[in-house]
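The values are calculated or read from the model by the stated rules, or taken from the named source; none is laboratory data. Keep in mind it's a predicted model, so treat the numbers as computed, not measured. Because the Cβ atoms are built from the backbone with ideal geometry, glycine has one as well, and the counts that use them run over all protein chains shown.
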Amino acid sequence: MGLFYNVFFKSIHAQNEDAYYGIEDGNELLNFSLTDHNGSDVNLSRLKEKVTLVTFGYINCPDICPMTLSILKHTMNELGSEEDKIQVFFITIDPENDTPQRLKEYTTFFHPSFLGLTGSSEEIEKIAESLKSHYPDEDGATEKNHLMSHTFSIYLLDKEARLFLTYPPSRLNPRAIAKDIRKVVN
Amino acid sequence: MCNVVAGLLFLVLALGALGAEPIRVVNPWVRAVPPVSSVTAVYMVIENTGDTNDKLIGVRTAASKYSDIHTTTIDQHNVASMLKVEYLPLPSGKIVELIPGGAHIMLRELYRPVKIGEKIEIDLIFEKSGTIRVQAEVR
């Protein structure tokens, strides 16, 4: 109940009108080389095309990943006609099992504009480190193992591709995230 | 006459007590996931209105090959980890919530994709209260 309460009630009421709901950062990202689910390259310069929301996960994740993508879907709904001003990236931490085609089927289920990203473990680790996202070194999410640990957060990157805001588990209210996005893009 | 009334009253109360289920399951639902995913989670609220502690010790459903009870914990670095547990304690007089990011039932190796709006039949097995069948809506 605590997490639910924080996400949907307490956090939004506590929000100062001028302050950002997300936790402010300013971390520069190291360059990286990933591929989106359509086969296009994604690197630091691609991130500068739009304000982006980034999250990590894997397809055979039953609880946290669908929850995070649902929150992002509701955030897009909150943005309404402004939803095309941002790009959501879902970066797999299980590149062996999450092929581009599977990532496409997975991410677009939540929203047609969401893009799944994959690449070598080294490149995924690079951007994860830049975003201070952690995932312990484990085997992939096989049929028998669906227990990959990973950071449960959403990251907002500005148009300079800097980590600008982080949304940890206690700050995942879609309306409040959408409000931050409007401040950043307008 | 008084004895007859008292006897009937006792009978009604006794039957009522027998019929009262100490475990109440409220709002069971299944997370809608894309067909490409073979796993999903089930959430609900379980209330133990009885005088004794109970436990959720198992889950059965025809929707998936495996159904496990899990908890998700989030550490100080916001790293979420899932842990399979043997049972979920249901203390007397308490409400236990299975919610996203917390305790949940994991359905592994779904036999077919789940569809939004459909209801999945799930048997919840309790240590003392036996089996309770619920219909969980896919949302």
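Data overview
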{"read-out": "Spans of strands (runs of 3 or more DSSP E) in segment A:28-145 with at least 1 residues more than 14 Å from chain B (Cβ to nearest Cβ) and of a type in the set (Asp, Glu)", "value": "A:34-36"}
{"read-out": "Breaking point among (1) out of contact with any helix residue (DSSP H, G or I) (no Cβ under 6 Å at 6 or more places or on another chain); (2) more than 17 Å from residue B:33 (Cα to Cα); (3) at pLDDT 95 or above, for residue A:103", "value": "(2)"}
{"read-out": "Residue pairs meeting the criteria (Cβ under 7 Å; at least 6 apart or on separate chains; first touching a residue at least 60 places away in the same chain (Cβ under 8 Å), in segment B:54-68; second β-branched (Val, Ile, Thr) and surrounded by 21 or more Cβ atoms within 10 Å (Cβ to Cβ))", "value": "B:56/B:46; B:56/B:69; B:59/B:69; B:59/B:105; B:59/B:122; B:61/B:120; B:61/B:122"}
{"read-out": "Residue identified as of a type outside the set (A, V, I, L, M) and touching an Asp or Glu at 6+ places or on another chain (Cβ under 6 Å) among B:77, B:104", "value": "B:104"}
{"read-out": "Filtered residues of segment A:67-83 (kept if touching a residue at least 40 places away in the same chain (Cβ under 8 Å) and out of contact with any helix residue (DSSP H, G or I) (no Cβ under 6 Å at 6 or more places or on another chain))", "value": "A:68, A:70, A:72, A:77, A:82"}
{"read-out": "Verdict on residue B:40 being at pLDDT below 95, assigned to a strand (DSSP E or B) and under 23 Å from residue B:135 (Cα atoms)", "value": "no"}
{"read-out": "First in segment A:84-96 and under 15 Å from residue A:38 (Cβ atoms), second anywhere and among the acidic types (Asp, Glu), Cβ under 7 Å, 6 or more apart", "value": "A:92/A:98"}
{"read-out": "Test: residue in segment A:160-172 that is modelled with pLDDT of 95 or more, in contact with a helix residue (DSSP H, G or I) (Cβ under 7 Å, 6 or more places away or on another chain), small (Gly, Ala, Ser) and under 16 Å from residue A:71 (Cβ atoms)", "value": "no"}
{"read-out": "Qualifying residue in segment B:66-82 (condition: exposed (fewer than 14 other Cβ atoms within 10 Å of the Cβ) and more than 30 Å from residue A:23 (Cβ to Cβ))", "value": "no"}
{"read-out": "All strands (runs of 3 or more DSSP E) inside segment B:50-139 with 3 or more residues being at pLDDT 95 or above", "value": "B:54-61, B:64-74, B:88-90, B:95-98, B:104-110, B:119-126, B:130-138"}
{"read-out": "Residue match in segment B:97-119 (condition: over 24 Å from residue A:69 (Cβ atoms), surrounded by fewer than 20 Cβ atoms within 10 Å (Cβ to Cβ) and either more than 10 Å from chain A (Cβ to nearest Cβ) or not aliphatic (A, V, I, L, M) (or both))", "value": "no"}
{"read-out": "Looking only at segment A:76-125, and only at residues there that are small (Gly, Ala, Ser) and crowded, with 17+ Cβ neighbours inside 10 Å, the one that is farthest from residue A:64 (Cα to Cα)", "value": "A:119"}
